[in-house]
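Asker: One structure follows; several queries about it will come next.
A short reminder: the numbers here are calculations on the coordinates, not readings from a lab. The shown structure was predicted, so the numbers you read here are calculated from the model rather than taken from an experiment. Please note: Cβ atoms are built from the backbone with ideal geometry, for glycine as well, and neighbour counts cover all protein chains shown.
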Amino acid sequence: MDLSNLTIHQINDLLKYREVKSVDITNSYIKRIKEVDPVVSAYLYNDFEEALSNAADADKIIQKNKDFPYLTGIPLSIKDIFLIKGKKTTCASKILDNFISPYDSTVIRRLKENNYVFLGKTNMDEFAMGSSTENSAYKITKNPYDLNRVPGGSSGGSAASVSSDLCAGSFGTDTGGSVRQPASLCGVVGLKPTYGLISRYGIIAFSSSLDQAGVIANDVLDAAIMLKAVAGFDEKDQTTRKFEIKDYPEIVKKADKSAMKGLKVGIPVEFFSEGLDPKICSRIMEIKELLKDLGADIVDISLPDTKYSVAAYYVIATSEASSNLERYDGIRFGSRFSKDEGVQTLDELYRKTRELGFGKEVKRRIILGTFALSAGYYDAYYKKASLVRKLIIKNYKDSFNDVDIILGPTSPTPAFLIGEKMSDPLSMYLSDIYTISVNLAYLPALSLPVGVIDNPTKKGGVLPVGLQLISPWATEARLLSVAKIIEDEVKFRQKYSAKI
Amino acid sequence: MDNSGYSEIGNSLLHGLNRQSAGTGDKQDKAGFGEGRLTSFEAVIGLEVHSQLLTKTKMFCSCQNIFGKEPNSMVCPVCLGLPGAIPVINLEGVRLAVKAALALNIGINKKSLFARKNYFYPDLPKGYQISQYLDPVSSNGYLTIETDGVKKQIRINRLHIEEDAGKLIHIGNESYVDLNRAGTPLIEIVSEPDISSAKEAACYLKELRDILVYLDISDGNMEEGSFRCDANISVRRKGDKKLGTRAEIKNVNSFKFVEKAIDYEIGRQINVILSAGNVLQETRLYDPKENVTKPMRSKEEAHDYRYFEEPDLPPLILDAEFIEEAKNSIPELPQAKRKRYANEYALTSYDCEVLTQNKKIAYYFEDLIKANAVNNKGKVEIKKISNWVINDLLFALKTVENQRGSKENDMPEPEDFLNLMLEVTAGNINKNSGRIVLTEMLLTGKKPNDLIKENNLAQVSDDKGLEDLIKLVLDENPKELADLAGGKDKLLGFFVGEAMKKTKGKANPKKVNEILKRLINSRTRGPDGI
Ligand SMILES: [Zn+2]
C-alpha cells in the first residue's frame, strides 16, 4: 500500500483507527523522497533520523490517548525560513550557510506540541525574494508537472514537495504571493491567512509588514487542519492579534453547497485585464459560471488602485528588507569573510561578507530599498508607497461592503520555463500581480487548483490553473468553506496529479 | 555560531574607529579670546540627553537589565539580533518614560510610533536601533533652571524611547563585542536651543538628572555612561537673528566636563569667526585630557539613518488610565521640595539644596520632622534637625560607608536620632560624643541611650565633681594661672582644654567655662575679692 499519496485527514483516520503507524507512513515518504527528490529537488535537506524519531514518539502518544492533535504523526516539510532549534536554517542563502538555529520559531513550537513529523527543509528563493525558486543559492527546484518548468516561488520547494507527494503538507511564507503562486503553479492548495493570525516569531524576516506564514496542502480540509494547529496570538509577536481561532476543520467538513445561495462573489475587472493567459481566464470564468449555477450572486467590482500594487509593494518590501537584512554582517553568526580572505578593516569585513554571502536578487532588493529610504527620496518613494497601500486597503474595504468574497486568478500565467524570466526581473515581478495587493491589505486569500491547461512545450502534458479567493479581514472560516464547496464540485485531486 | 562569551571580531578591525586621530589640523589656542570679545557674542546651546531606565528587563526582550555580568551572558535571540527574532515593547520602560515626561512638563502623545534608525556597527546587532522619530511618546515641555539666582525656562522639544547598543572592548590587537547592554531601555530628552552658557547647560543637566534620580527612573551616573549628554553649540554676534553654524559635541562623560567642553567650544567658534573663518557643521569629540574638542572624521558622521516606521511593532497607544497611574506615581520633586523647605521650615537656600540633593536624605529629613512632631520626649528645632543632618549625619554616613565599603546603609530610627539630639540639647552628652554615638548607631543599630551608657559618655556636669577637677587643674598649673592673672586672657582656653582632657572629653564645655571663670576670679582676686 502506498501511504505517501494521502491527505492529512486520511492519514489521521488511519492513525486513529490504528490501521497504520506513523512510522510506516514516514517510511513511505522517506522511500519516495529518496526516489523522487533527486529529480524534483524540493528539499534543501532531509533529516530522516529526526523524522523516524518524531514518528515513533507520535505512535506512543497515539497508543496512549484516544484524543490526539490532528497533526500527530503527520510528516510535513518546512520552508527553510522557519527556525528549528538545533537545525540548519539557511533561507537558501550562502550567508547563513553554517547557521544552526538556537531557538524554535513559534510555528515550529506549536507543530512540536502537535507531535508532527519533521521530514526536512524545503528549497526557496533566497530570503523569500523571488517567484520561481531560481534565486536559491543551492539548487533549482522543478515543477512536478513539467521538470523543465519552475514550481513558482518563493515557497517553490514546499509546493513541489506537496505536489509530488514528498510530504503530507508544508509550511511556507507569503509576502507577496509566495504561498499562493507556487501552490497555483504546482496544482495544490495554498492559504495565506490574515496578517497577524500566525506568529512571525522565528521566521526569517523579508518584509515584516507583509510576511505571513501560510500552508500548502493537498486539499482544503488539510489546509484548515494545518492553519488551526499554528494560528493564534503570540506574546513574542506583537503584530499577532487576539483573533478568535475557530475550529476550521469542523467548519470545512460542514461546508455545504447550499451556502452558495445568495453569496455575493465579486469579480474585480482589474484581475482580468491584459497579461492574463486567455486559457486561464476562460477556466476562471467557468468557475464563475459554476458558482452562479450554485446560486451565488456574481458582482462585477473594481479595485482601481490595485494597478499600483506591484510598484507600492516593491518599494515597501524592499525598504523593509534592506533594514531586516542588515543583521547579516558577519559579526555574530553566519558566514564571515575575514583576514584569510584578505580583509583588513571592519568596512571590508562588511562588504566582503555581504558581497559574497548574498545573491544577485537579494542585493538588487537591498539596493532598491536602501535607495527608497534615503534622505531626499523617502517622501517620493516609501511615503508615497505607504499612501498607495492605504488606498488599496480602502479599495478592498469598499468592495467588501458589496460582496462577501472576491474571485480571480492566482497567477497570470501557468508555470513558466526555468530561466525564462531570470534575466527580466520586471516580468518576474508581474507573476505576483494578483497576489500582492492582498498582502498590502493584510487580507486572507487562498489559491485552489481548479483545472489544467495544455502544456505548450510537452506533448500530452498539462499545467495546473489556480483560482484565488480573497475574503475580508479575519474571515478564514468563510474563505475555507467557499474553497471547499468549489473543490467538491471541481474534484481536481481526483482528476489530476503530477504523475511523477 | 558562538553564543558563549565574547564574540571575537579580531584582527584589530575596529581599531582606529573608536580611536580618534588627534591633530587633524584643528589645534586651537585654548580659550584664546578676551572677555571683551566674548561679550559681543552669544552662544546658542541645545542638549540631547540619554538616560538608561531602571527597568527590570530590557526594552524589547525579557533579558535582565543589569550590569557587571560576564560578557554576552544577558542576551537572547531578540537582543542578539538573531534571524527571525522580533521585539516586544516593555511596558515598564514605557511607564518610566511617561513618568519622566510628566515630571518634565512634557505633553504625552497618546499614540506614538517606534522607528528604525539604520546604521552598521558591531555593537548594534540588528543593524538598526529601535527608536522613535516622527511621533515620539512625548513632546513640548520645559524645565526651569536657576543660575545665579536667575530663573529661566528651557523648552524641551521631545522625550522619546529607544534602546541602547552593546559595547566594544579592545584588548591588544583584537576587538570584542559584549551585547549585555544591547537593548537596554533609554530615553532621549532633546532641549530647544534655549541654553546660552556652559553654566546654564550644567545647571539644566543637573536639574534633569536630579529629577530622573528622584523618580527612580535613572541612576544618573555619567561616568558609567548610564546618563549621557551631547551638546549642539553655535555662536552668533549679539543682536544677530540668524543662528550660527552648529557643532555637535559628543563624548562628554562628567558634569565637570560638560561645562568645560562647552566653554572651550564656544571660545573655539568665536575664534574661528574672529579670524574670518567658517565654523563647520560637524561632530566633535571632547578630549578631557587636553580640554579641547576635536572633529570626528567626516566618514563616521556621514550617516543617512534611513528612519522608517518599525514594522515589527504596533503603534504605542496609551490610555488615560495608564497616564494617570504614571502621574500618581510621581513624588514631590527636588525643586518643589526646596521651595517648601524654605517656606515651611525657614531654612537657608544652602540647607535646602543639601537636604534635597539626595532623595534618601530628603526623605529621611522629612521622616525626622514627622517623628519630631509626635515625640513626647521633647521637640528639636527644625533648624537644628537640618544642621544635624547636614553636618553630622552626612559625615557619619561617609565614615560608615568607608568602613563597610558599601553605600547601602540603613538610617537610624528617626525617634532614636531625635532622642540623641535631645540628649545633646539637654547637655547630657556633648556634641562631640553625640557624633560618636550617631556613627555607632549607624554601625550597630543600637539605641542612643544604650550607646551612651556602654561608652560611658554621659557628661560630667555635676558641679561639685567638676569643680574639684578644675581646682586640680589650676593647682597643677600655677605658672599659667599667674600669667592669666597677668592679663594673658588667651590662657583661659588652655585651662578649658586641660579640664576637658581630665574628663576625657565628657565634660560639658559650657559648664567648664563657667566654673573655670568663677574659680579663676576667686583665686586671682584673693579671698576678699579685692
Ligand atoms: Zn534579550
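Asker: Would you mind counting up the charge near residue A:173? Only other residues with Cβ under 12 Å from its Cβ, with Lys and Arg at +1 and Asp and Glu at -1.
Answerer: Charge balance in the 12 Å sphere: 0.
Asker: Any idea how far the Cα center of the stretch B:132-199 sits from the one of the stretch A:117-173, in Å?
Answerer: 49 Å
Asker: Could you work out, residue by residue across B:121-130, how many beta carbons of other chains sit within 10 Å of that residue's beta carbon, and then give the average as an integer?
Answerer: That average works out to 4.
Asker: Averaged over A:204-210, how many beta carbons belonging to a partner chain fall within 10 Å of each residue's beta carbon?
Answerer: Mean shielding count: 3.
Asker: Which translational diffusion coefficient, to the nearest whole µm²/s, is obtained for the protein assembly as shown from the Stokes-Einstein equation, given a Kirkwood hydrodynamic radius over C-alpha pairs, 4 °C and 1.567 mPa s?
Answerer: Estimated via Stokes-Einstein, D reaches 38 µm²/s.
Asker: Same structure again: Can you tally the net charge around residue A:266? Count Lys and Arg as +1, Asp and Glu as -1, for every other residue whose Cβ sits under 9 Å from the Cβ of residue A:266.
Answerer: Result for the neighbourhood of residue A:266: -2.
Asker: Now, a different point. Could you pull out every one of the aspartates and glutamates with an alpha carbon less than 20 Å from that of residue B:490, ignoring same-chain neighbours closer than 8 positions?
Answerer: B:475, B:476, B:480, B:498, B:514
Asker: Right, next: What order, most packed first, do the peptides A:195-204, A:13-22 have when packing is the mean number of other Cβ atoms within 10 Å of each residue?
Answerer: Listed from highest to lowest mean packing, they are A:195-204, A:13-22.
Asker: Can you give me the Kirkwood hydrodynamic radius for the stretch B:334-454, using every pair of distinct Cα atoms, in Å to one decimal?
Answerer: Computed over Cα pairs of the stretch B:334-454, the Kirkwood hydrodynamic radius comes out at 14.6 Å.
Asker: Which FRET efficiency, nearest 0.05, do residue B:92 and residue B:384 yield, Cβ-Cβ r, R0 41 Å?
Answerer: My answer for the efficiency is 0.45.
Asker: Give me the distance between the Cα centres of the stretch A:18-76 and the stretch A:256-270, rounded to whole Å.
Answerer: Using only Cα atoms, the two centres lie 38 Å from each other.
Asker: How about the stretch B:392-439: which GluC sites (Glu not before Pro) there are in a DSSP loop, with at most 15 other Cβ atoms within 10 Å of their Cβ?
Answerer: For GluC sites (Glu not before Pro) across the stretch B:392-439 that sit outside H, G, I, E and B with at most 15 neighbouring Cβ atoms in 10 Å, the list reads B:408.
Asker: Right, another one. Other chains' Cβ within 10 Å of B:84-91 residues: what's the mean?
Answerer: Mean partner shielding for this stretch: 6.
Asker: Continuing with this model, one more query. Run through all the Cα pairs of chain A and give the fraction in each 20 Å bin from 0, expressed as whole percent.
Answerer: P(r) for chain A, in whole percents per bin: 25, 59, 15, 0.
Asker: Which whole-number percent is the relative contact order of the stretch B:334-454 (Cα, under 8 Å, 6+ apart)?
Answerer: Rounded, it is 21 percent for the stretch B:334-454.
Asker: Given points 7 Å out from each Cα along the Cα-Cβ axis, report the residue A:31 to residue A:285 separation in nanometres with one decimal.
Answerer: Those two pseudo-labels are separated by 4.7 nm.
Asker: Can I ask one more? Counting only Cα, what are the radius of gyration and maximum Cα-Cα distance Dmax of chain B, in Å?
Answerer: Radius of gyration, then largest Cα-Cα span, for chain B: 30.8, 105 Å.
Asker: Continuing with this model, one more query. Take the Cβ-Cβ distance between residue A:402 and residue A:495 as r, set R0 to 51 Å, and report the resulting FRET efficiency rounded to the nearest 0.05.
Answerer: 0.90
Asker: Would you please give the residues with an amide H less than 5 Å from that of residue B:132, counting only those at least 5 places away or on a separate chain, with H modeled from the backbone geometry?
Answerer: Here the answer is B:115, B:161, since their amide H atoms fall under 5 Å of that of residue B:132.
Asker: Hey, what do the phi angles of the stretch B:156-163 turn into as Karplus ³J(HN,Hα) couplings, whole Hz, using 6.51/-1.76/1.60 and θ = phi - 60°, x for Gly and Pro?
Answerer: 10, 6, 6, 10, 10, 9, 7, 10
Asker: Another question, then. For residue B:379, which aspartates and glutamates qualify as cross-link partners when the Cα separation must be under 19 Å and same-chain residues fewer than eight apart are set aside?
Answerer: Result set, ordered by chain and number: B:344, B:366, B:367, B:392, B:413, B:415, B:416, B:423.
Asker: Using Cα centres only, tell me the gap between the stretch A:340-419 and the stretch B:39-106 in whole Å.
Answerer: So the separation of the two Cα centres works out to 31 Å.
Asker: With 10 angstrom as the radius, rank A:258, A:481, A:427 by how many other C-beta atoms surround their C-beta, starting from the fewest.
Answerer: A:258, A:427, A:481
Asker: Please sort B:47-57, B:479-489 by packing, taking for each peptide the average over its residues of neighbouring beta carbons within 10 angstrom, highest first.
Answerer: B:47-57, B:479-489
Asker: While we're here: Using the beta-carbon distance between residue B:76 and residue B:169 and R0 = 25 Å, what value does 1/(1 + (r/R0)^6) give for FRET efficiency, to the nearest 0.05?
Answerer: 0.75
Asker: Do any of B:471/B:504; A:242/B:111; A:242/B:58; A:253/A:279 go past 27 Å between their Cα atoms, and which?
Answerer: Checking Cα-Cα distances, A:253/A:279 exceed 27 Å.
Asker: Could I ask something else about it? Between their Cα atoms, which of B:360/B:447; B:398/B:431; A:192/A:383; B:242/B:289; B:151/B:370; A:85/B:56 are more than 24 Å away from each other?
Answerer: A:192/A:383; B:242/B:289; B:151/B:370; A:85/B:56
Asker: Could you work out the local net charge near residue B:203, counting Lys and Arg as +1, Asp and Glu as -1, over the other residues with Cβ closer than 13 Å to its Cβ?
Answerer: Summing Lys and Arg as +1 and Asp and Glu as -1 gives -3.
Asker: Another question, then. Given points 7 Å out from each Cα along the Cα-Cβ axis, report the residue A:112 to residue B:66 separation in nanometres with one decimal.
Answerer: 2.7 nm
Asker: Which of B:488/B:510; A:31/A:66; B:126/B:407; A:31/A:142; A:360/A:421 have a Cα-Cα distance over 26 Å?
Answerer: Cα-Cα > 26 Å for A:31/A:66; B:126/B:407; rest within.
Asker: A follow-up question, please. If packing is taken as the average number of other Cβ atoms within 10 Å across a peptide's residues, how do A:296-307, A:160-171, A:42-53, B:430-441 rank, most packed first?
Answerer: A:160-171, B:430-441, A:42-53, A:296-307
Asker: Amide H of residue A:434: which non-local residues (sequence gap of 5 or more, or other chain) have their own amide H closer than 5 Å, using H built in the peptide plane?
Answerer: Sorted by chain and number, the residues that satisfy this come to none at all.
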